[in-house]
Amino acid sequence: MDNKKLAELLFPHIDKTPDYYEELYPERGLAEGARVTRFAPSPTGYLHIGGLFGALVDVLTAQATNGVSFLRIEDTDKKREIDDGVSAIINGFDYFGVEFTEGVTGFGTEKGAYGPYTQSQRVEIYQTVAKSLVEKGLAYPCFCTADELAELRKEQEQGDALIWGYFGKWAKCRDLSFEEIEKNIAEGKPWVLRLRSGGSDDKKIMFDDVIRGKIEMPENIIDEVLLKSDGIPTYHFAHACDDHFMRTTHVIRGEEWISSVPKHIELFRACGFKLPKFAHTPQVLKIDEETGDKRKLSKRKDPEAAVSYFVEKGFPKESVLEYLLTLLNSNFEDWRRANPTEDISKFPFNLKKMSSSGCLFDLVKLNDVSKNVISVMTAQQVYENVAAWAKVYDPEFYDIFTEDPEFSTAAVNIDRENPKPRKDIAKWNEVKDYFSYLYNSLYTPDYTMPENISNEDAAAIIEKYLGEFSLADDKDQWFARIKDMCEPLGFTPNVKEFKKNPEAFKGHVGDVSTVIRIALTSRKNTPDLYSIMNLLGEDEIKARLTKTLENLK
Ligand code: GLU
């Protein structure tokens with residue numbers, strides 16, 4: 001067979017050679033040890049939490065080595081794609097502040113010298129490499145129809161084939177003559193381009209996965225499809241061409257690709273490309289609520305599989321990143337304790353410290369992490385975050401919350417900006433309910449008093465307090481005043497005394513302040529009541545105490 005002639009027959013429109021692209025995309029000339037990584041999603045209009053996890057690994061790996069990370073859009077599978085599926089991915093990364101050095105930056109925009117970074121715009125590159133493979137006798141056209149392939153599979157299932165696929169004696173089109181090929185093409189028969197595999201089923205390949213160590217697998221023997229009948233590459237072929245010409249040093253991707261590595265190794269070799277390093281990351285798992293077993297986070301069953309979930313609920317990006325980092329590297333938490341205020345980008349991320357088994361994503365832990373993260377924010381930061389979130393996801397609350405910014409900032413500052421801040425809020429959608437009693441338009445009073453206090457006693461407490469409270473008090477005076485009220489009402493200011501002799505009193509100072517708290521906020525627990533009263537102001541306090549009193553009588 002004259003391979004050159006065949007290549008010309010199949011790709012008459014291709015006038016370049018791979019050397020052209022070797023020159024166009026030269027070695028990057030980075031310092032020794034610098035890593036080039038890529039995140040390569042398909043534009044399905046959705047960013048999975050596992051995607052954010054993977055992208056973080058790419059970006060942090062590049063950052064930690066003064067390397068390069070880039071975002072490549074893999075849109076060769078038109079069936080999976082939706083219109084402008086890129087935006088959901090880009091918006092997700094924007095929200096979380098994940099920034100790649102190069103690649104796609106928006107719908108139709110990109111940066112970097114190794115582009116285009118969208119696969120559908122790289123068809124000429126793939127076909128140029130494909131043509132060169134045909135010239136070397138390493139690829140051939142296959143005219144088998146879907147029916148013929150189904151038939152082949154049936155035969156293999158019934159026969160002695162060890163694996164199913166297009167290989168060896170089953171590969172009908174492997175040895176077509178030039179004349180047969182020419183005739184088929186003249187007749188307009190569709191064809192795919194296949195690799196002419198040189199693998200043998202009694203040989204093994206070995207590779208060193210950066211996360212998992214040495215992995216040994218049988219060599220590839222399948223004549224894998226490289227180009228589909230429309231001339232668009234398969235994932236495998238596009239991966240080899242792109243990661244070569246984009247000069248990726250570390251292919252970091254999900255563990256579901258491990259089984260394809262033998263194919264990829266053969267492909268890189270056939271194309272004459274230097275092999276990158278492979279690192280296969282663990283999957284993001286959760287405990288299934290029904291079975292109690294670990295399983296993959298599913299787009300269909302788990303709302304939290306989509307990154308948009310965290311944005312909509314108002315988890316600060318810092319919380320989600322912080323939590324993902326604890327899953328990514330076992331030493332992150334130690335580092336965080338030693339560097340409590342340092343930016344995450346300073347963390348010396350190390351692929352070798354990743355676990356190779358699945359990472360358990362636990363919403364309860366995320367909530368705890370988030371409470372910590374929010375507790376150390378300033379009041380100003382909380383105010384701005386809540387306002388930004390509410391503007392999009394709860395416009396009614398936005399209007400209420402931002403009507404008096406000074407008031408709302410003071411509200412979120414209660415029990416904050418001190419060495420032991422309260423850790424109550426995990427996400428911004430909790431703020432409305434958390435502070436509802438501070439805004440009349442959100443407040444629905446509930447006058448239910450604690451069970452151990454009669455309505456009569458509660459009324460007596462409120463009546464007395466109504467006559468005595470003073471906003472001129474400082475915090476100590478404020479509490480002293482409540483203590484002073486206790487004895488005349490049959491309560492004790494001393495909790496220890498009450499515990500020693502509970503029969504002697506109606507209750508203690510804690511009960512007295514709970515009654516006042518309920519009268520003012522309808523809750524048994526709130527942040528510092530003294531601060532709350534100062535925000536409510538004298539008129540509102542009087543109105544609420546009076547209303548409660550009326551209801552108790
Ligand atoms: N486009 C592939 C996917 O979405 C990327 C796999 C890879 O990173 O190589 O699964």
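What the table shows:
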| quantity | calculated |
| --- | --- |
| Two-decimal ratio, segment 375-475, of alpha-carbon radius of gyration to 2.2 N^0.38 Å | 1.32 |
| Dipole of the chain, positive direction: furthest Cα of Ser454, Thr492, Thr521, with charges on the beta-carbon | Thr492 |
| Stokes-Einstein translational diffusion, segment 56-125 - Kirkwood Rh over all Cα pairs, 1.306 mPa s, 10 °C, in µm²/s | 123 µm²/s |
| Cα centre as origin, Lys/Arg/Asp/Glu Cβ charges: segment 335-396 dipole, Debye | 460 debye |
| Gain in span if fully extended, Ser298 to Thr109, counting 0.36 nm per residue against the direct Cα distance | 65.0 nm |
| Neighbourhood net charge (12 Å Cβ-Cβ; Lys/Arg +1, Asp/Glu -1) for His13 | -1 |
| Given charges at beta-carbon only (K, R positive; D, E negative), |dipole| of segment 278-332 in Debye | 220 debye |
| Apportionment of accessible area to carbon and sulfur, the chain, percent (1.4 Å) | 49 percent |
| Nearby aspartates and glutamates by direct alpha-carbon distance to Lys423 (threshold 17 angstrom, same-chain neighbours under 8 apart not counted) | Glu318, Glu322, Asp368, Asp415, Asp433, Asp528 |
| Efficiency of FRET between Lys5 and Arg174 - r from beta-carbon atoms, R0 22 angstrom, step 0.05 | 0.80 |
| In nm, spacing of pseudo-spin labels at Gln381 and Glu289 (7 Å Cα→C-beta vector) | 3.2 nm |
| Under 13 Å, Cβ to Cβ, from Ala279 - net charge with Lys/Arg +1 and Asp/Glu -1 | +2 |
| Nitroxide proxy distance, nm - points 7 Å out along Cα→Cβ at Asp415 and Lys204 | 6.0 nm |
| Length added when fully stretched, Ser357-His13, from 0.36 nm per residue minus Cα-Cα | 119.1 nm |
| Projected label distance in nm at Glu151 and Ser345, using a 7 Å step from Cα toward the beta-carbon | 6.0 nm |
| Cα gyration tensor of segment 57-191 - equivalent ellipsoid semi-axes, whole Å, descending | 40, 19, 16 |
| Partner lysines for Lys352 [C-alpha distance under 21 Å; skip if fewer than 8 residues away on the same chain] | Lys214, Lys277 |
| Kirkwood Rh, angstrom, segment 1-62 [1 / mean 1/r, Cα pairs] | 15.9 Å |
| Fraction of beta bridges assigned by DSSP in the chain that are antiparallel (%, nearest 5) | 55 percent |
| Net charge dipole size for segment 503-553 [Lys, Arg +1 and Asp, Glu -1 on Cβ; Debye, nearest 20] | 180 debye |
| Debye intensity ratio I(q)/I(0), log10, segment 90-169, q values 0.13, 0.14, 0.15, 0.20 Å⁻¹ (C-alpha model) | -0.73, -0.76, -0.78, -0.92 |
| Sequence-separation-based contact order of the chain, relative, with Cα cut under 8 Å and 6+ spacing, percent | 12 percent |
| Accessible area per residue in Å² at 1.4 Å probe, computed on segment 450-515 | 56 Å² |
| Dipole of segment 11-143, positive end: most advanced residue of Asn66, Phe93, Leu52 [Cβ charges, Cα centre] | Leu52 |
| Computed helical MRE - 222 nm, the chain, DSSP H runs ≥ 4 contributing -39500 (n - 2.57), nearest 500 | -13000 deg cm²/dmol |
| Euclidean distance between Cα centres, segment 196-229 to segment 49-128, Å | 26 Å |
| Overall dimensions of the chain by Cα: Rg and Dmax, Å | 33.3, 112 |
| Between segment 367-388 and segment 427-494, the Cα center-to-center distance that results, in Å | 27 Å |
| Partners for Lys16 among aspartates and glutamates (Cα-Cα distance below 14 Å; same-chain residues under 8 apart left out) | Glu8, Glu124, Glu135 |
| Using alpha carbons only: equivalent-ellipsoid semi-axes of segment 445-553, gyration tensor based, whole Å | 21, 16, 12 |
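The values are calculated or read from the model by the stated rules, or taken from the named source; none is laboratory data. What you see is a predicted model; the values in this text were computed from it and never measured. Virtual Cβ from ideal backbone geometry, glycine too; neighbours counted across all protein chains shown. We work out accessible area using only protein heavy atoms, side chains counted, and drop any ligands, DNA or RNA first. Shrake-Rupley method; radii C 1.70, N 1.55, O 1.52, S 1.80 Å.
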